[in-house]
Amino acid sequence: MEKKVYIGCGAGFSGDRFDASIPIVREFKNINGPKYLMFEVLAERTLAIAQQFRLQNSEKGYSPFLDNYISPILSDCLENNIKIISNIGAANPLGAAKRILEIAKKQNITPPKIGVVIGDDLLEYMSDNEILNSPTMEGLDFSNNNITAANVYLGAQPIADALSKDVDLVIVGRTVDSALALGPLIHEYQWKKNDLDLLGAGTICGHLLECGAQVTGAYFADPGFKDVPNLANVGFPIVEFNEDGSFVVTKPKSTGGLVSKATVTEQLLYETHDPSNYLVPDVTADMSSLSLEDDGENRVYVRGGKGKKSPDKLKATICCDNGFMGEAEISYAGPNALARAKLAGEVISERIQILGLQGQIRVEIIGAGSVHFSMDETSSYQLPEDGDYRVRTSAIYPKKYQAQQMVDEVMSLYCCGPAAGGGGRGYVTAQSSTASILVDRDIVNPNVKVKIL
Amino acid sequence: MHKINLPVHAIAHARAGDKGDVSNISLIAYLDNGWDTIYKLATKDKVFDIFKHMGASKVERYELPSLKALNFVIQNALGGGVNSSLRLDRHGKTLSSHLLHELVLPISKDMIPSNSPYHLKFKD
């Protein structure tokens, strides 16, 4: 009989809903067959922050939300043979595994067997100089800054290797998001490195799952034009994968949201560049011959995923300190509000010059198309002179006090600005810039290991 | 069939994603004849003009006819990207709405989904 593999996704970013996986686990209780629950919680920036936690305390550095995601479902997953796959390890996958064992102890359940993938942290085996001299793919020049994190994107094979050791959970650090689904598929179907079409199909499946509810009707609703039922209770995705590489995208019963060809197509192209060449460490996935068919209510059947040879080199993300950003806002409303808001923006720009703060300052007017135009650009929206406008200024400076000076200038508009400004708020935040480099597999592979706890 | 100029929002939907300083925006037609229109008229030159003021330096267009979808990859449109940008929307998540609003095309009633409020724009 044909073997189906079930994969649910309980989180699509660090900070996603903590209770989203519960309906998936409930649904999985009634399903026989291999079942996996993935949590994708590690964005580019999240890792640099995690590295800072690890430097302060060598036992930390895993996702600060680990307890929130794992505690509610750990015992149900272990009882129902649902394996958890997650990059919740962030900068310290071993520390994350130890924390999960502590949670199990606290909940009085038999300690699970955990596979931990290590080897993504380039700082452990490359010098700063070697990293800085690697070819840059994208991002800013970072040669003058202090490197805070450097992690290579691992593929799905180490996850499959961990699963072959009969573990209950696999915890990784920096790993390409879609591999959280591809790893289980490689393990279950025993795919080989040259099963390129299947590896491509599995990668496309992982890509559709990795942002959680973005494939099941979230981030989609446009009332009156694209309606989504019961968005507040949107169900997170479940894939039913078939041996031939085709699969169904669906969601748990009695949840809100929508799975349609339109929701699946939007997510398919999300953060995709060339759909024929979607690069991950295991394969170059090809979406160009993909077809989608309705397969009943909230079910879309996906087939035609293909694959080509994997890229020669691996991508790594480098994070560096990058000064401090000041952001501040103040509102103007009522008669002639637009003119008063513009005057406030002009006063700030002039004051920054008087204070001798170097660098670009951006002024936006919220209510006037702020996310698409700066104050100096002509908005394509018709803007009433009377209304409700909020001036926002932002700038990045090398020193924290400089960013604070800019924020203070906006606050000074309370007494020194145009008439009737109110609701001033300001923030200074440390900045971390990123760049992507390419690394030889020969440097990385010997350092990638699976540890069993 | 009678055509009037409307935002492409009448016949297509979109989602924006970011990688570094590169924004990608999908444009997906609801209906087959809407696809014919965006395939012919949603050119990369028009998209470049829409994002030029944000610093766009180059636009690539990819086509997925079986999904009625185009994918625009726009270089340098994100003010440096999520970690460097001074913009309120550092990811450029809202740029999909900008494309749907700014790209205006000649549209007939039969390209628009039956329940769409855009039908009210036609007088007959």
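The values are calculated or read from the model by the stated rules, or taken from the named source; none is laboratory data. For clarity, every value in this text was computed on a predicted model and none was experimentally measured. Cβ atoms come from the backbone with ideal geometry, glycine included; neighbour counts cover every protein chain shown.
Annotation note: Cβ proximity below 8 Å between a residue of region A:388-399 that is within 11 Å of another protein chain (Cβ to nearest Cβ) and a residue that is basic (Lys, Arg) and assigned to a strand (DSSP E or B) (sequence gap 6+ or interchain) occurs for A:Thr393/A:Arg362; A:Ser394/A:Arg362; A:Ala395/A:Arg362. I'd like to check something: does region A:218-232 contain any residue that is in contact with a Ser or Thr (Cβ under 7 Å, 6 or more places away or on another chain) and surrounded by 24 or more Cβ atoms within 10 Å (Cβ to Cβ)? No: region A:218-232 contains no residue that is in contact with a Ser or Thr (Cβ under 7 Å, 6 or more places away or on another chain) and surrounded by 24 or more Cβ atoms within 10 Å (Cβ to Cβ). Checking A:Ile88, A:Ile70, A:Ile118, A:Ile131 one by one, the residue that is over 30 Å from A:Ser433 (Cβ atoms) and of a type outside the set (D, E, K, R) is A:Ile70 and no other. Of the residues making up region A:126-139, none is surrounded by fewer than 16 Cβ atoms within 10 Å (Cβ to Cβ), under 25 Å from the mean Cα position of the chain (by Cα), in contact (Cβ under 8 Å) with a residue 40 or more places away in the chain and assigned to a helix (DSSP H, G or I). Out of curiosity, is A:Val280 of a type in the set (A, V, I, L, M, F, W, C), touching a strand residue (DSSP E or B) at 6+ places or on another chain (Cβ under 6 Å) and within 24 Å of A:Thr175 (Cα to Cα)? When the stated conditions are applied, A:Val280 does not pass them. Within region A:197-217, the residues that satisfy the criterion of being under 17 Å from A:Glu243 (Cβ atoms) and touching a Lys or Arg at 6+ places or on another chain (Cβ under 6 Å) are A:Asp197, A:Gly200. Can A:Ala181 be described as part of a helix (DSSP H, G or I), at pLDDT 95 or above and either more than 22 Å from B:Ser26 (Cα to Cα) or not polar (S, T, N, Q) (or both)? When the stated conditions are applied, A:Ala181 passes them.
Yes or no, residue by residue, for (1) touching a Ser or Thr at 6+ places or on another chain (Cβ under 7 Å); (2) within 14 Å of chain B (Cβ to nearest Cβ):
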{"position": "A:Val300", "(1), (2)": "yes, yes"}
{"position": "A:Leu314", "(1), (2)": "no, no"}
{"position": "A:Ala337", "(1), (2)": "no, no"}
{"position": "A:Gln360", "(1), (2)": "no, yes"}
{"position": "A:Ser370", "(1), (2)": "no, yes"}
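Just to be sure before I move on: is A:Leu101 more than 14 Å from chain B (Cβ to nearest Cβ), within 21 Å of A:His187 (Cβ to Cβ) and over 25 Å from the mean Cα position of the chain (by Cα) in the structure I sent? No. Checking A:Glu271, A:Glu329 one by one, the residue that is touching a residue at least 40 places away in the same chain (Cβ under 8 Å) and either within 11 Å of another protein chain (Cβ to nearest Cβ) or acidic (Asp, Glu) (or both) is A:Glu329 and no other. Total residues in region A:239-267 satisfying the condition of being part of a strand (DSSP E or B) and among the small types (Gly, Ala, Ser): the figure is 1. Taking the numbered list (1) more than 8 Å from chain B (Cβ to nearest Cβ); (2) crowded, with 23+ Cβ neighbours inside 10 Å; (3) not polar (S, T, N, Q) in turn, A:Asp294 passes all entries but (2).
The set of residues in region B:75-124 being assigned to a strand (DSSP E or B) and farther than 23 Å from B:Tyr30 by Cα consists of B:Gln75 alone. Every listed requirement among (1) outside any strand (DSSP E or B); (2) over 24 Å from A:Ala430 (Cα atoms); (3) more than 14 Å from chain B (Cβ to nearest Cβ) is met by A:Arg351 save one, (2). Selection over region B:10-56 of residues that are surrounded by fewer than 22 Cβ atoms within 10 Å (Cβ to Cβ), within 13 Å of chain A (Cβ to nearest Cβ) and in a loop (DSSP other than H, G, I, E, B) gives a count of 4. Within the set A:Leu42, A:Leu37, the sole residue that is part of a loop (DSSP other than H, G, I, E, B) and under 17 Å from the mean Cα position of the chain (by Cα) turns out to be A:Leu42. The conditions of being in a helix (DSSP H, G or I) and touching a residue at least 60 places away in the same chain (Cβ under 8 Å) are not met by A:Leu55. Residue pairs whose Cβ atoms lie under 7 Å apart, separated by 6 or more positions or on different chains, with the first residue in region B:98-118 and within 30 Å of B:Met54 (Cα to Cα) and more than 11 Å from chain A (Cβ to nearest Cβ) and the second surrounded by fewer than 21 Cβ atoms within 10 Å (Cβ to Cβ) and among the charged types (D, E, K, R), are B:Leu103/B:Lys46; B:Pro106/B:Lys3; B:Ile107/B:Lys3. For the residues B:Leu27, B:Leu67, the requirement of being over 16 Å from B:Ser97 (Cβ atoms) and either out of contact with any Gly (no Cβ under 7 Å at 6 or more places or on another chain) or not β-branched (Val, Ile, Thr) (or both) singles out B:Leu67. Counting only strands (runs of 3 or more DSSP E) that sit wholly inside region A:364-453, those with at least 3 residues that are of a type in the set (Val, Ile, Thr) and surrounded by fewer than 21 Cβ atoms within 10 Å (Cβ to Cβ) are A:422-439. Restricting attention to region A:298-355, the residues being within 18 Å of A:Cys415 (Cα to Cα), of a type outside the set (A, V, I, L, M) and within 31 Å of the chain's Cα centre (by Cα) number 1. Scoring A:Phe236 on the criteria (1) assigned to a loop (DSSP other than H, G, I, E, B); (2) within 16 Å of A:Gly12 (Cα to Cα); (3) within 14 Å of chain B (Cβ to nearest Cβ) leaves a single failure, condition (3).
Candidates in region A:256-266 are the residues that are out of contact with any Asp or Glu (no Cβ under 9 Å at 6 or more places or on another chain) and among the polar types (S, T, N, Q); of these, the one that is farthest from the other protein chains (Cβ to nearest Cβ) is A:Thr263.
For region A:274-291, a residue qualifies if it is part of a loop (DSSP other than H, G, I, E, B), more than 17 Å from B:Ser26 (Cβ to Cβ) and within 14 Å of chain B (Cβ to nearest Cβ), and exactly one does: A:Ser289. Cβ-Cβ distances below 7 Å connect the following pairs, each with a first residue in region A:72-99 that is surrounded by 23 or more Cβ atoms within 10 Å (Cβ to Cβ), a second residue that is part of a helix (DSSP H, G or I) and modelled with pLDDT under 95, and a separation of six or more residues or different chains: A:Ala90/A:Thr46; A:Ala90/A:Leu47; A:Ala90/A:Ala50; A:Ala91/A:Leu47; A:Ala91/A:Ala50; A:Ala91/A:Gln51; A:Ala91/A:Arg54; A:Asn92/A:Arg54.
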